[in-house]
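Below: one structure, written as structure tokens.
The values are calculated or read from the model by the stated rules, or taken from the named source; none is laboratory data. A quick note: this is a predicted structure, and the numbers were derived from the prediction, not measured. Cβ coordinates were reconstructed from backbone atoms using ideal geometry, including for glycine residues, and neighbour counts include every protein chain displayed. Each accessible area value is taken on the protein alone, full model and side chains, heavy atoms only, with ligands, DNA and RNA left out. Shrake-Rupley method; radii C 1.70, N 1.55, O 1.52, S 1.80 Å.
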Amino acid sequence: MSVDDGYDDDAHCKSLLMKPGDLVYVQCRLAMRKTYLQSYASRKATIARAAAPTHGQVPEDVDRSLRNDAFCNYDESVKLSIQPDAEDILAVGAYDKCSATREQLQQDISAWTGANSVTFTQGERAIVIAQNVEAIREGRAVARGPNYAAGDPALAPQ
């Protein structure tokens with residue numbers, strides 16, 4: 001199954017009796033795209049470039065915390081994508097809902113590097129919120145099925 005082909009994704013999710021517009025349909029379609037894994041990989045690469053030269057490879061506990069935080073932000077963004085509010089407001093809301101996973105990530109980074117991890121997460125905040133905006137846009141785009149026309153005001157969330 002091609003993750004780039006919206007029609008294959010649509011057919012798969014519909015075969016599971018999900019309907020365009022339902023949150024579970026949106027989650028199914030986006031899960032097939034593996035968007036959250038792309039966000040996680042991007043964040044991990046940034047951390048590795050910054051910290052690995054001094055502290056070695058990203059340890060398993062940091063990797064796990066990062067994956068959990070990436071998934072939390074993605075999941076909360078997708079859940080909020082069906083709301084009519086502005087995407088930047090929803091993206092910050094999703095970020096705020098992930099405070100527990102972010103705190104765990106801060107603890108693990110601090111244990112690994114000895115550095116002030118709050119500074120790290122504050123520096124990463126804009127990146128995560130931008131990824132949340134993209135997840136919201138993607139969620140809205142698939143909410144109506146593969147025929148959704150991005151930018152068409154008639155299909156925009158109400």
In sequence order, calculated HN-Hα J values of the stretch 47-59 (Karplus, 6.51, -1.76, 1.60; Hz; x Gly/Pro)
5, 4, 4, 7, 9, 4, x, 9, 10, x, 4, 5, x
How far apart, in nm, are the 7 Å Cα→Cβ label points at THR119 and PHE71?
3.1 nm
Working with all protein chains in place, sort THR121, THR113 by solvent-accessible area computed with a 1.4 Å probe, largest first.
THR113, THR121
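So if each residue of separation counts as 0.36 nm, and I subtract the Cα-Cα distance between ILE89 and ARG137, what length gain in nm does that give?
Numbers: separation 48, 0.36 × 48 = 17.28 nm, distance 1.26 nm.
Extra length available between ILE89 and ARG137 comes to 16.0 nm.
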Give me the number: length gained by fully extending ILE127 to HIS12, i.e. 0.36 nm times residue separation minus the C-alpha to C-alpha distance, one decimal in nm.
38.3 nm
Here FRET efficiency (C-beta to C-beta, ALA111 to GLN38, R₀ 30 Å, nearest 0.05) is 0.65
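Could you estimate the translational diffusion coefficient of the stretch 39-87 from the Stokes-Einstein equation, with Rh from the Kirkwood formula over C-alpha pairs, at 37 °C and 0.692 mPa s, in whole µm²/s?
On the way: Rh = 12.2 Å.
Estimated via Stokes-Einstein, D reaches 269 µm²/s.
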If the reach is capped at under 26 angstrom between alpha carbons, list the lysines near LYS14, excluding any in the same chain fewer than eight residues apart.
LYS34, LYS79
